[in-house]
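Notes for the one structure printed next.
The values are calculated or read from the model by the stated rules, or taken from the named source; none is laboratory data. A quick note: this is a predicted structure, and the numbers were derived from the prediction, not measured. Quick reminder, even Gly has a Cβ in these numbers, built from the backbone with ideal geometry, and neighbours come from all protein chains shown.
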C-alpha cells in the first residue's frame, strides 16, 4: 500500500472534529432553548444512554479515501459497531478511522460539560492521529505521531519546563482518575465490587487496608474515557485506571497521551508484579492503566518513575474481567 499523507489526514481529522463538535454544541443549546428534545433509548443498561445526536452524528464521519492514494479506508464507529450482535475486534493493519461521535453521552444528556467527539486514524494497528473536541469546554486536543500533542495552541503536557517527575511516594500525591463503568451487577466479586475495592485501596490512608492504602491526592471521575486520557496527557491527572472500554473510547486518547510522553499499559496486575515487563496496552484489550508524562529526577528517569507508579497501582487494584464477546 502506498504511504499515507498524514499531514492531509491530520487536517481532515481536525476539520471533522470541529464540524462534529459544532453539531454537539448546537444540539444541547437547542435542547435548553426548547427547540428540540433529546429522545433517549437504552443500550446495554440504563446508564448507557444514546441520544439521536449519537445516531445522527455518524454521517459527517463517514468512510473517507486515503488522501494520497484515494484508496478507501476502514471506518469503525461506536454506534454502527454496537448495532451488530458481535463486537469482534475489527482494526486490522490497513488505514482505519476509529471514531466515537459522542463520548460521555450521560454527561451530554445532563449537560455536564465532559463530553466530546473522538477521532483517531490508525495504521498497522497503532493510533497515529488523534483529535478530541470537547465543545462546551472549548478544548480541542490533537496529536500526530512524531509531532507531539496539543491542547488548542498549547503543547502537552502543560507544565514543560521541566516536566515534573512522578511523586517519590506515588500513588501518594497523585490525582487518580477512574470510572464506574456500565457493569453495575451487585454481586460478590463482580467487576463493580472489584472496582470499588480498588478505588478505596487507592484513596485510603497509608498503612491501612493491609498495606494497600495509597493515599492519592484526589479521585476524579469525568464520565468520559477519552477525556480521562486527554487530561493525563495534560498532566492534570497522574493516573487513570479502567476496564470495559472499547477501542473507539480510547484510540484518540492513546495517541494523544503517547505523543505527550505518557504511558498506557494493561489495567490488570500480572502474577509477578516486580518482574513483569510493562508493555503497551492493546488497542482492543479493554483494560487500561495510563500514567501521565513524567520528567527525570535525581534518582530515576521519567520512564522509570512511570513504571514504578504502574507497579504501585498494580499492588492496589483488583483483576477485572472484561473479555470481548465471542472471544
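Observations on the structure shown:
- Any hit, the range 294-306, residues being touching a strand residue (DSSP E or B) at 6+ places or on another chain (Cβ under 6 Å) and within 19 Å of residue 235 (Cα to Cα): yes
- Selection within the range 167-182 - at negative phi and in a loop (DSSP other than H, G, I, E, B): 167, 168, 169, 170, 171, 172, 174, 179, 180, 182
- Looking only at residues of the range 96-111 that are out of contact with any helix residue (DSSP H, G or I) (no Cβ under 8 Å at 6 or more places or on another chain) and touching a residue at least 12 places away in the same chain (Cβ under 8 Å), we find that the one that is surrounded by the fewest Cβ atoms within 10 Å (Cβ to Cβ) is 106.
- Residue under evaluation residue 319, criteria (1) surrounded by fewer than 19 Cβ atoms within 10 Å (Cβ to Cβ); (2) touching a strand residue (DSSP E or B) at 6+ places or on another chain (Cβ under 7 Å); (3) not assigned by TED's automatic domain parsing to the domain that holds residue 233, criterion not met: (2)
- Conditions (1) free of Cβ contacts under 8 Å to residues at least 60 places away in the same chain; (2) surrounded by 15 or more Cβ atoms within 10 Å (Cβ to Cβ); (3) not assigned by TED's automatic domain parsing to the domain that holds residue 301; number of the one not met by residue 138: (2)
- A Cβ distance below 8 Å, combined with a sequence gap of six or more or placement on separate chains, defines the contacts here; from the range 270-287, residues that are on the phi > 0 side of the Ramachandran plot reach residues that are assigned to a loop (DSSP other than H, G, I, E, B) and surrounded by 13 or more Cβ atoms within 10 Å (Cβ to Cβ) in the pairs 286/244; 286/245; 286/246; 286/322; 286/324.
- Residues that are within 19 Å of residue 292 (Cβ to Cβ), in contact with a strand residue (DSSP E or B) (Cβ under 7 Å, 6 or more places away or on another chain) and in a strand (DSSP E or B), drawn from the range 121-154: 127, 130, 132, 134, 139, 141, 142, 143, 149, 150, 151
- Spans of helices (runs of 4 or more DSSP H) in the range 1-120 with at least 1 residues modelled with pLDDT of 85 or more and under 21 Å from the mean Cα position of the chain (by Cα): 6-32, 105-110
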